[in-house]
């Protein structure tokens, strides 16, 4: 199973005053760079989804792509484009504002998928009844974090149809496609995100 990764940095960052969130500095480095440092040991190919400042993101030496859909239509728009341009079977997506993301994110998110594939392949008689899992996402036990997700490229058509219908809700799409929430309750702090410039400047970090 070939897996690539995409850092989602295509939002408007309204709560940060409209700045490009992934390029904001935390501990002297852009948020997107912190995310890449946590991802690079987990997956060989990492790209950035950015709708602004693509040249600046490209300076990190990573492939950069914008949403196919115009007007900042949310993370699912970036996910759709990421799936369409992927050369892998699955794509691991993470938001750009979580510099402490789990170092075992991929390992845990892929476990239900691998188990379902093994069962699907070994039980051909019930294969039609037990389809393999194509989508998983993280939960910290209290909150769900759907932008931390592992998604099969086989879902491109379904996601295209969903967005064309005018829907943008991530969890709704996931639940319609038999997703599995993976427990990261032992790493709640890993999902700490930064929504304001004051958050980034806090000395608590």
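The values are calculated or read from the model by the stated rules, or taken from the named source; none is laboratory data. Fair warning: this is a prediction, and the values are worked out from it, not measured in the lab. As a convention, Cβ positions derive from the backbone with ideal geometry for all residues, glycine included, and neighbour counts pool all protein chains shown.
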**Request:** Just give me the residues in segment 56-77 being within 15 Å of residue 20 (Cα to Cα), in contact (Cβ under 8 Å) with a residue 24 or more places away in the chain and outside any loop (DSSP other than H, G, I, E, B), in sequence order.
**Result:** 56, 57, 75
**Message:** Suppose the filter is over 15 Å from residue 6 (Cα atoms), touching a strand residue (DSSP E or B) at 6+ places or on another chain (Cβ under 7 Å), at pLDDT 95 or above and part of a helix (DSSP H, G or I); does residue 158 pass it?
**Reply:** no
**Asked** Among the listed residues 199, 183, which satisfies the condition of being more than 15 Å from the chain's Cα centre (by Cα) and either exposed (fewer than 12 other Cβ atoms within 10 Å of the Cβ) or at pLDDT 95 or above (or both)?
**Response** 183
**Item:** Considering residues of segment 1-45 that are at pLDDT 95 or above and under 16 Å from residue 74 (Cα atoms) only, the residue surrounded by the most Cβ atoms within 10 Å (Cβ to Cβ)
**Value:** 7
**Request:** Would you point out which residue out of 80, 92 is buried (at least 19 other Cβ atoms within 10 Å of the Cβ), assigned to a helix (DSSP H, G or I), at pLDDT 95 or above and within 15 Å of the chain's Cα centre (by Cα)?
**Result:** 80
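Among the residues of segment 46-55, count how many are outside any loop (DSSP other than H, G, I, E, B) and surrounded by fewer than 16 Cβ atoms within 10 Å (Cβ to Cβ).
Residues meeting the conditions: 2.
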